[in-house]
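Shown next, in structure tokens, is the structure this report addresses.
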């Protein structure tokens, strides 16, 4: 999503009641409410099946392991942390009245997340509408504007938009402004996994801002859109992928799982059973033409396992710290060194009432504050007068600082926040990354498709290993791709 201030956020865990000293216990998620799930399956390994090590028990690793297991392969999933789920984390501890919050991946779309929806149906998980993007109030240059105000030609003219932009924004959503300039370019892409050969290869070293400027963007639009550091080829490809999937640039209608999105990793893990080894960090990888040998720790004791294939589902910054012998080739090493990730802190404020209603405000706010980017309600179906509000900001932000930032810009009279929780992801040892960032300008041919290609018997899956960096969707897509690659090898 494009904002006046782009999202540049980063990771750890703190709980604080207002007026109390900060304490730092782990936010250990409690079990989700029992869900009716598909019966647990533990099929015997296919005699013709392969032995596969899956590195990482985030959603990509669990999904990949599950798909391999279904195909009759002998799977072992090694996870370095004491929990599975990776960057999907549903938390109840510290919240009252049955409230909960997704501190990691938190929404899905339709269309766009077809695999996720299929798995939710398969495991009888309930999908709920998530109205976090309804009636957003946006803070722009210190002032709040409703969606209606941002369609008002008088308001738009004051921002400095030109006549063409004013007409477009009065009829379209605010975050869709890019398409006014880029839409004529997108139809050249025919295959969402092939960005090359459509006539834009030379644009990888051109900033997308130059395209906006060429197509008549005003200084006001250029200020809002940014894009001076974003490859035009990459950005046009990204927008074309969304168009091919039938999605806007900023999907307003989003969804989540009842009881938290961790319900899906939990369902995968239940099916995999003892195949998932927690607290088992990988310490070295040796690959040969006929197999892969992995050394890992189990309760501090070094162990070794050999398999036909390794499916790496560990985020690349963590994977790059594991010694691999022989060393990976230069093109894969380039990927390891140049894929960048987003990371941030998540905040949850518990309030004793829907205080914003007294001020006739929407709680869906784009705050554009250095310490807190936005705010919205979560777990709204829980029957209580209390509410849980989610926000996000830079790593290292304390609960007091997050609340102070919210109160500094909140346009109403008074809030009823009674405590705050913070999950500071950048301080995590294993799951500290979130979504992959845009590829740096001039690097598309060096990173794509190398980021998702196997090397020998090592395959790569995860939110980074797909064409669109959409967390849970990219993770499950790449997991299915790797399971199919190994099954058919």
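No value in this document is a laboratory result; all are computed from the given coordinates. It should be emphasised that the depicted structure is a prediction, and the values quoted were computed from it without experimental measurement. Virtual Cβ from ideal backbone geometry, glycine too; neighbours counted across all protein chains shown.
Counting only DSSP beta bridges whose two residues both lie in the chain, roughly 75 percent are antiparallel. Label separation (residue 191 vs residue 380): 4.2 nm, computed from points 7 Å beyond Cα along the C-beta direction. Using the Cβ-Cβ distance between residue 135 and residue 418 with R0 = 22 Å, the FRET efficiency computed as 1/(1 + (r/R0)^6) comes to roughly 0.30.
Under the 0.36 nm per residue contour assumption, what length would be gained going from the current alpha-carbon distance of residue 157 and residue 408 to full extension?
Values: separation 251, 0.36 × 251 = 90.36 nm, distance 2.78 nm.
Extra length available between residue 157 and residue 408 comes to 87.6 nm.
Gain on full extension, evaluated as 0.36 nm per residue between residue 320 and residue 171 minus their Cα-Cα distance, stands at 49.0 nm. Note on region 234-276 and region 170-230: Cα centroid distance 25 Å, given to the nearest whole angstrom.
For a paramagnetic label modelled at 7 Å from the Cα of residue 146 toward its Cβ, which residues of region 349-374 fall within the zone defined by backbone nitrogen distances under 17 Å? Those under the cut-off are 356-366. Shape verdict for region 82-228, please, from the Cα gyration tensor: rounded (a/c under 1.5), prolate (a/b greater than b/c) or oblate. Oblate is the answer for region 82-228, as a/c is 1.5 or above yet b/c matches or exceeds a/b. Computed from the C-beta positions of residue 183 and residue 279 and an R0 of 35 Å, the FRET efficiency is 0.10 to the nearest 0.05. Sorting 182, 206 by the number of Cβ atoms found within 10 Å of their own Cβ, with the fewest placed first, yields 206, 182. With r as the distance between the Cβ atoms of residue 446 and residue 488 and R0 = 30 Å, compute the FRET efficiency 1/(1 + (r/R0)^6) and round to 0.05. Computed FRET efficiency for residue 488 and residue 446: 0.65. Thinking of region 147-244 as a set of Cα atoms, what percent of all their pairs are more than 17 Å apart? Roughly 51 percent, once rounded to a whole number.
If the chain between residue 223 and residue 302 were fully stretched, how many nm would it gain, using 0.36 nm times the residue separation less the Cα-Cα distance? Before the final figure, lay out the partial values.
Values: separation 79, 0.36 × 79 = 28.44 nm, distance 5.42 nm.
That pair, residue 223 and residue 302, stretches by 23.0 nm at full extension.
Taking 7 Å steps out from each Cα toward its Cβ at residue 210 and residue 429 produces label points 4.6 nm apart.
Packing order of peptides 228-234, 345-351, 129-135, 304-310, highest average first: 345-351, 228-234, 304-310, 129-135 (average count of other Cβ atoms within 10 Å over each peptide's residues). Please report how far the C-alpha centroid of region 149-163 lies from that of region 313-387, rounded to the nearest whole angstrom. Comparing the Cα centres of region 149-163 and region 313-387, I get a distance of 32 Å. In terms of packing, defined here as the mean over residues of other Cβ atoms within 10 angstrom, the peptides 55-64, 101-110 line up highest first as 55-64, 101-110. Computed over every Cα-Cα pair of the chain and binned at 10 Å starting from 0, the pair-distance distribution P(r) comes out as 4, 19, 28, 27, 16, 5, 1, 0 percent.
Each peptide in 403-412, 311-320, 326-335, 450-459 receives the mean, over its residues, of other Cβ atoms within 10 Å, and ordering these scores from highest gives 311-320, 450-459, 403-412, 326-335.
With semi-axes defined as the square roots of five times the eigenvalues of the C-alpha gyration tensor, the equivalent ellipsoid of region 314-405 measures 41, 14, 11 Å, largest first.
Normalising the average separation of contacting C-alpha pairs (under 8 angstrom, six or more residues apart) by the number of residues puts the relative contact order of region 312-466 at 33 percent.
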